[in-house]
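A.B. asks: Sharing a structure here in structure tokens format.
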Amino acid sequence: GGCLISHNNVSIDHKQVHLFDLKVMLDGRILIAGIIQDGSTSVAVSLLHADLSTIWVKTFDMPSFPLKLTADLLDEKEIALAVQLSSSVVYSKLDINGSAVWKKEVFPSGLTELVGFGNMVYTKMGLVMNCVINGNQTTEIAEILNSDGSLVSTHLMDDGIQENKMMDISSFNERVHLIGAVKKSTGVFELVRKIIYSSARSETEHSYAIS
């Protein structure tokens, strides 16, 4: 097991691309997204066949130098793309051919890291970002309207006393699933898994002590 079946080098106009995200569709097609390594402010999104041949490639210019990006499939019909800049996150929805449906930008206070962007409930999407507020590590969740990208609400996770840092998200059954770490007010660290349906509320939370 574990034998390499095929591989391919990714470049855009003969420029290297730093890949940040990859998603595989049910029919084997592969979505990849990354930052073009040419000193520009461009990011690239591409859809590949299962044999890694190219279906399409799209590039998008950002307002400033991109630091990180995430991409997710929305029921395999659309694509959620988010790009972290120095003090903001540009988030957009693409159709399955890579054309932009809408694009917006948000400026969270104390932004440190983009975590992810994807489906939250039937008409809304969730944008998850790690931030530092008043010296404490926390996570901000933005609720986004699917139809036009309008910002519905934003909330900081939990009570503001314990510290949070989310590592990754996934979307399943019209919920955002988050995984990360929590530092309790007592100084104890725990791994945490949350399921949320809005920026303000967790539906389910599982925590695991780190010994």
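A.B. asks: Using a cut-off of 10 Å between beta-carbons, work out the net charge of the residues near Asp72 (Lys and Arg +1, Asp and Glu -1, Asp72 not included). Don't jump to the answer; show the numbers that get you there.
C.D. replies: Details: positive: Lys23; negative: Asp21, Glu78.
Charge balance in the 10 Å sphere: -1.
A.B. asks: For the pairs Lys68/Lys183; Lys15/Lys124; Lys93/Lys183; Lys103/Lys184; Lys15/Lys77, note any where the Cα-Cα span goes beyond 31 Å. Please report the intermediate quantities before stating the final value.
C.D. replies: Details: Lys68/Lys183 25 Å; Lys15/Lys124 36 Å; Lys93/Lys183 34 Å; Lys103/Lys184 37 Å; Lys15/Lys77 29 Å.
Listed pairs above 31 Å: Lys15/Lys124; Lys93/Lys183; Lys103/Lys184.
A.B. asks: Next up: How large a share of the accessible area of the chain, in percent, is made up of carbon and sulfur atoms when the probe is 1.4 Å and the other protein chains stay in place? Intermediate results must be reported in sequence, preceding the final value.
C.D. replies: Details: 5570 of 10900 Å².
After summing per-atom areas, the C and S share lands at 51 percent.
A.B. asks: Return the sequence-ordered ³J(HN,Hα) values of segment 29-39 in whole Hz as given by the Karplus equation 6.51 cos²θ - 1.76 cosθ + 1.60 applied to θ = phi - 60°, using x for Gly and Pro.
C.D. replies: Values per residue, Gly and Pro as x: 5, 10, 9, 10, 8, x, 9, 6, 8, 10, x Hz.
A.B. asks: If you roll a 1.4 Å probe over the heavy atoms of the protein chains, what accessible area per residue do you get for the chain, in Å²? Walk me through the numbers on the way to the answer.
C.D. replies: Working: 10900 Å² over 211 residues.
Ligands and nucleic acids excluded, the figure is 52 Å² per residue.
A.B. asks: How large is the dipole of the chain about the Cα centre if only Lys and Arg carry +1 and Asp and Glu carry -1, each at its Cβ, rounded to the nearest 20 debye?
C.D. replies: Working: 17 positive and 24 negative charges, 32 e Å.
Around 160 debye, computed over the chain.
A.B. asks: Which value, in debye to the nearest 20, gives the size of the charge dipole of segment 146-211 about its Cα centre, when Lys and Arg are +1 and Asp and Glu are -1 at the Cβ? Write out the running numbers ahead of the final one.
C.D. replies: Details: 7 positive and 9 negative charges, 33 e Å.
Charge dipole, segment 146-211, about its Cα centre: 160 debye, nearest 20.
A.B. asks: With +1 on the Cβ of every Lys and Arg and -1 on the Cβ of every Asp and Glu, and nothing else charged, how large is the dipole of segment 95-211 about its Cα centre, in debye rounded to the nearest 20? Mind showing how you got there, number by number?
C.D. replies: Working: 10 positive and 14 negative charges, 19 e Å.
In total the dipole reaches around 100 debye.
A.B. asks: Another question, if that's okay. Please report, in whole Å³, the volume per residue of the convex hull around the C-alpha atoms of segment 38-139.
C.D. replies: Numbers: hull volume 11.9 nm³, N = 102.
Enclosed volume per residue, from the Cα hull, is 116 Å³.
A.B. asks: Still on this model: Go through Ser109, Ser150, Ser88 and list them by solvent-accessible area, largest first, probe radius 1.4 Å.
C.D. replies: Numbers: Ser109 80, Ser150 45, Ser88 5 Å².
In descending accessible area the options line up as Ser109, Ser150, Ser88.
A.B. asks: Report the Rg/Rh value for segment 113-211, based on alpha-carbon coordinates and the Kirkwood definition of Rh. Could the numbers behind the result be given before it?
C.D. replies: Numbers: Rg = 13.1 Å, Rh = 13.5 Å.
Radius of gyration over Kirkwood radius for segment 113-211 works out to 0.97.
A.B. asks: Just to confirm the filter: which chymotrypsin sites (Phe, Trp or Tyr not before Pro) across segment 73-166 are DSSP coil and have at most 11 other Cβ within 10 angstrom of their Cβ? Each step should come with its number before you reach the end.
C.D. replies: Values: sites: Tyr91, Trp102, Phe117, Tyr122; in loops: Tyr122.
The qualifying sites are Tyr122.
A.B. asks: Take the Cα gyration tensor of the chain, multiply each eigenvalue by 5, square-root it, and list the three semi-axes largest first, rounded to whole angstrom. Walk me through the numbers before you get to the answer.
C.D. replies: Values: eigenvalues 176, 73, 63 Å².
Equivalent-ellipsoid dimensions as semi-axes: 30, 19, 18 Å.
The values are calculated or read from the model by the stated rules, or taken from the named source; none is laboratory data. Because the structure is a prediction, the values reported are computed rather than measured. In this analysis, Cβ positions are derived from the backbone assuming ideal geometry, glycine residues included, and neighbour counts consider all displayed protein chains. SASA here: full protein model, heavy atoms, side chains in, ligands and nucleic acids out. Shrake-Rupley method; radii C 1.70, N 1.55, O 1.52, S 1.80 Å.
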